[in-house]
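J.: Handing you a structure now.
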Protein chains: 2
Amino acid sequence: MTRATRTSPTLANVAAAAGVSRQTVSNVINTPGRVAPETRSRVQAAIETLNYRPNRVARSLRTRTSRLLGYCVQPAPVGMLNPVLDRFVHAITESAAEHGFHVLLFTAPAGAPGLDRYAELLAQQAVDGFVLSDTVVGDPRHGWLTAHGVPFSAFGRTWTGEDQGAWVDVDGAAGIGQAVAHVHAAGHRRIGFLGWPDGSGVGDDRLAGYQAGCRRFGVAPLVVRTDGGIEAGRTAAGGLLDRPDPPSALVCVSDLAAHGALRAVTERGLRPGHDIAITGFDDTPSAALPGIELTSLSQPIEQVGRAVVRMVLGPLGAAGPPTPPAGAAPHQLFEPTLVIRSSSHPKDDGGST
Amino acid sequence: MTRATRTSPTLANVAAAAGVSRQTVSNVINTPGRVAPETRSRVQAAIETLNYRPNRVARSLRTRTSRLLGYCVQPAPVGMLNPVLDRFVHAITESAAEHGFHVLLFTAPAGAPGLDRYAELLAQQAVDGFVLSDTVVGDPRHGWLTAHGVPFSAFGRTWTGEDQGAWVDVDGAAGIGQAVAHVHAAGHRRIGFLGWPDGSGVGDDRLAGYQAGCRRFGVAPLVVRTDGGIEAGRTAAGGLLDRPDPPSALVCVSDLAAHGALRAVTERGLRPGHDIAITGFDDTPSAALPGIELTSLSQPIEQVGRAVVRMVLGPLGAAGPPTPPAGAAPHQLFEPTLVIRSSSHPKDDGGST
DNA sequence: ATATATTGTGCGACTAGGAGT
DNA sequence: CACTCCTAGTCGCACAATATA
């Protein structure tokens, strides 16, 4: 006589109900091909009536896989970039689910000290692998995870030259190239770039895209750096605008910097889109606000999330309908989409055609 | 001769190293008081040298607890409200970690169909409880979880009158009350309210706060509804502004609505903060943008997250340094903070004092 | 020899009860 | 009888090797 605790049915219960052995039930679930059709349907009926679901924990213990992917949520979200990561979290959760995986969230300090948390989760067999984001130049996680043979994939390159692990990223250089081409096509010939300080992989990549664009169209580069904040962008953009030969277009490394530039422009009585073109990067919600209407580069986050999950699941032999391509390329670069708004192409201009 | 697979040390390994039984090692970890100090330190030394960490999965199987909290990430984030949920996710992850728990992410369709996902996770013993957010009027999850005896707590009330389960929320009525008091103190006597359609718990709550404020200060209520979008807010606010007796202050149910109102105001050549006061709700990043400077109500999300986790962990007997208060109140209401910017109090006005 | 179903065993930790001092 | 420690059994599942047709 067992306690009347609300306990879920087990493999044994199903086996008894169907009049077969436990192993046969297990086979029906994991390798249906090895079970005779007649038996199979009988077992499946029993599974239905008992509403049986395999206990994930017991399965994990036996198979030594948790079917969980670790993802570290950043302690201090920077600026306005959150919307991107927000969508990313949703994207990886959804993609993981399609492969029978779930996402386990944890926090960790940035840099090497945070590695302990990764090690902890691994030692506890809590996760099968990791999805990384917010990667920085010289990120210690890639090397550590690679050295320990832990499956992972990252949203963002390491920029170190050494090729450690799988990554997916958005082609910032190509994106900025689009922006440069866009303003050049609108007739702008003096095109400035509002960038980040030297040394950030993402910033350098976007700068490179700007420089390539300048070469391509034969215009002189005009670069100024800021630390990324709105105020800094405003000051830096102001410096460009106050030159004797001010640019007529300002391509910005981020929406945040672009907001600062917009401010600097309007302060000087100029109208964005008419007197000067401004573009940003990330297409954050604030870019679409009325009165802002910032042209920006939208990142295909959902695609990135799907690709990242596919890559980390590859070595894990994900259990999905189709087997993921085993020899899939460990890297993938997506191109952002230029969303044109009136900051670079005023509605009442009727320019095209 | 075992395979040379990179396998973590187990209880048995530690026991062998320390020259004790497995059970003694288990006691050292879980009930140190029952082990003689001398033995205890010897075992702890072995744990250190082997760098042993209990296998979460094995422990879960035996104790029938996963030390995981389920949290459903919403499929389609609405408007600009994400930053709030972004911070919330981080907050619950951090709070859970303090109690030895982790957060497991999953997706589910809204409403009753999504309950299957909750049931699935429960049947698989994948989680010990749930944290809910994005609750709506008549949300089916509360009743279902309560009926099944599943521990949970919610960010957001059910608004159904029936008291189902623990919740934490932000006092929208009190927040809007602050906004009304603020503009009233600035001399405004004709105060309009830009609200959501009838029937949304959150919207009705905020409206009630507005109405209470009007009664308190003896001003006539002036309410108009929108569906929440920027464009709708712009149209609705425009309707108020074009009246023969337009309001001189506009308290908005959300930042999104406020952005629409700002647009309507500037379109009519009015200056926010000077000619008319505008306030929003949520203090989204876009509220702080230069050229916007929207006065708004900031939600104490970190506190909310901590409280939500405390509540769901209560019935689970969380294992933390201090035992959580067993008879903790199942409800908690936090007051938002009014962040005053120039949309209601222009810098160059020098109003106060 | 092929197809199908079965028994035994262990994953790694906790719970229960017993043995030694 | 306390105190300390240990042996045996269990959680639910899947792997391996075995029976039965």
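The values are calculated or read from the model by the stated rules, or taken from the named source; none is laboratory data. Worth saying up front: this structure is predicted, and the values here are computed from it rather than measured. FYI the Cβ positions are ideal-geometry reconstructions off the backbone, even for glycines, and counts take in every protein chain you see.
J.: Here's a check for you: in the range B:44-70, which residue that is more than 12 Å from DNA strand C (Cβ to nearest atom) and more than 8 Å from chain A (Cβ to nearest Cβ) is surrounded by the fewest Cβ atoms within 10 Å (Cβ to Cβ)?
T.: B:Glu48
J.: Just checking, how many residues over the range B:5-17 are among the hydroxyl-bearing types (Ser, Thr, Tyr) and either near DNA strand C (Cβ under 6 Å from one of its atoms) or away from chain A (no Cβ under 13 Å) (or both)?
T.: Within the range B:5-17, the subset among the hydroxyl-bearing types (Ser, Thr, Tyr) is B:5, B:7-8, B:10.
Then drop every residue that is not either near DNA strand C (Cβ under 6 Å from one of its atoms) or away from chain A (no Cβ under 13 Å) (or both), which leaves B:7, B:10.
Summing the residues that are among the hydroxyl-bearing types (Ser, Thr, Tyr) and either near DNA strand C (Cβ under 6 Å from one of its atoms) or away from chain A (no Cβ under 13 Å) (or both) in the range B:5-17 gives 2.
J.: Which of the residues belonging to the range A:88-98 are surrounded by fewer than 19 Cβ atoms within 10 Å (Cβ to Cβ) and of a type outside the set (A, V, I, L, M)?
T.: Answer for the range A:88-98, where residues must be surrounded by fewer than 19 Cβ atoms within 10 Å (Cβ to Cβ) and of a type outside the set (A, V, I, L, M): just A:Glu98.
J.: Here is a further query. Go through the residues of the range B:91-111 one by one and say whether even a single one is outside any strand (DSSP E or B) and within 9 Å of DNA strand D (Cβ to nearest atom).
T.: First, pick out the residues of the range B:91-111 that are outside any strand (DSSP E or B): B:91-101, B:107-111.
Now restrict to residues that are within 9 Å of DNA strand D (Cβ to nearest atom): none.
No, every residue in the range B:91-111 fails to be outside any strand (DSSP E or B) and within 9 Å of DNA strand D (Cβ to nearest atom).
J.: Could you go through the range B:132-145 and let me know if any residue there is away from DNA strand C (no atom under 16 Å from the Cβ), under 27 Å from A:Pro109 (Cβ atoms) and touching a residue at least 60 places away in the same chain (Cβ under 8 Å).
T.: yes
J.: For the structure I just gave you, tell me whether A:Trp159 is modelled with pLDDT under 95, over 22 Å from A:Thr107 (Cα atoms) and not assigned by TED's automatic domain parsing to the domain that holds A:Ala249.
T.: Values: modelled with pLDDT under 95: yes; over 22 Å from A:Thr107 (Cα atoms): yes; not assigned by TED's automatic domain parsing to the domain that holds A:Ala249: yes.
So A:Trp159 fits the description; yes.
J.: Follow-up. Look at the range A:250-264 and say how many of its residues are surrounded by fewer than 24 Cβ atoms within 10 Å (Cβ to Cβ) and in contact with a strand residue (DSSP E or B) (Cβ under 9 Å, 6 or more places away or on another chain). Walk me through it before giving the result.
T.: Restricting attention to the range A:250-264, the residues satisfying the condition of being surrounded by fewer than 24 Cβ atoms within 10 Å (Cβ to Cβ) are A:263.
Narrowing further to those that are in contact with a strand residue (DSSP E or B) (Cβ under 9 Å, 6 or more places away or on another chain): none.
Summing the residues that are surrounded by fewer than 24 Cβ atoms within 10 Å (Cβ to Cβ) and in contact with a strand residue (DSSP E or B) (Cβ under 9 Å, 6 or more places away or on another chain) in the range A:250-264 gives 0.
J.: What pairs come up if the first residue lies in the range B:18-31 and is among the charged types (D, E, K, R), the second is within 8 Å of DNA strand D (Cβ to nearest atom), and their beta carbons are under 9 Å apart, counting only those six or more places apart or on different chains?
T.: The qualifying pairs are B:Arg22/B:Ala15.
J.: Of (1) within 30 Å of A:Ser254 (Cβ to Cβ); (2) within 13 Å of DNA strand C (Cβ to nearest atom), A:Gly33 satisfies all except one. Which?
T.: A:Gly33 satisfies all of (1) within 30 Å of A:Ser254 (Cβ to Cβ); (2) within 13 Å of DNA strand C (Cβ to nearest atom) except (1).
J.: Out of all the residues in the range B:200-221, is one or more closer than 19 Å to B:Gly273 by Cα, among the basic types (Lys, Arg) and either crowded, with 16+ Cβ neighbours inside 10 Å or without any contact (Cβ under 8 Å) to a residue 40 or more places away in the chain (or both)?
T.: Within the range B:200-221 (the criterion being closer than 19 Å to B:Gly273 by Cα, among the basic types (Lys, Arg) and either crowded, with 16+ Cβ neighbours inside 10 Å or without any contact (Cβ under 8 Å) to a residue 40 or more places away in the chain (or both)), the answer is no, since none of the residues qualifies.
J.: Next question. Every residue in the range A:45-66 that is of a type in the set (D, E, K, R) and assigned to a helix (DSSP H, G or I), please.
T.: Those that are of a type in the set (D, E, K, R) and assigned to a helix (DSSP H, G or I): A:Glu48, A:Arg56, A:Arg59, A:Arg62.
J.: OK, next. Can you report the number of residues in the range B:106-126 which are of a type outside the set (A, V, I, L, M, F, W, C) and either at the interface with another protein chain (Cβ under 8 Å from one of its Cβ atoms) or farther than 22 Å from A:Ile47 by Cβ (or both)? Full working, then the answer.
T.: Here is the first cut: in the range B:106-126, the ones of a type outside the set (A, V, I, L, M, F, W, C) are B:107, B:109, B:111, B:113-114, B:116-118, B:120, B:124-125.
Restricting the remaining residues to those that are either at the interface with another protein chain (Cβ under 8 Å from one of its Cβ atoms) or farther than 22 Å from A:Ile47 by Cβ (or both) gives B:107, B:109, B:111, B:114, B:120, B:124-125.
Going through the range B:106-126 one residue at a time, the tally reaches 7.
J.: Now a separate question. Can you name every residue in the range A:18-31 that is within 12 Å of DNA strand D (Cβ to nearest atom), assigned to a helix (DSSP H, G or I) and more than 14 Å from chain B (Cβ to nearest Cβ)?
T.: Selection gives A:Arg22, A:Gln23, A:Thr24, A:Val25, A:Ser26, A:Asn27, A:Val28, A:Asn30.
J.: Select from the range A:266-305 the residues that are of a type in the set (Gly, Ala, Ser) and within 14 Å of another protein chain (Cβ to nearest Cβ) and write down the one among them that is surrounded by the most Cβ atoms within 10 Å (Cβ to Cβ).
T.: Top of the filtered list is A:Gly280.
J.: Can you report the number of residues in the range A:139-154 which are of a type in the set (A, V, I, L, M), within 13 Å of chain B (Cβ to nearest Cβ) and within 12 Å of A:Tyr118 (Cα to Cα)?
T.: Qualifying residue count for the region: 1.
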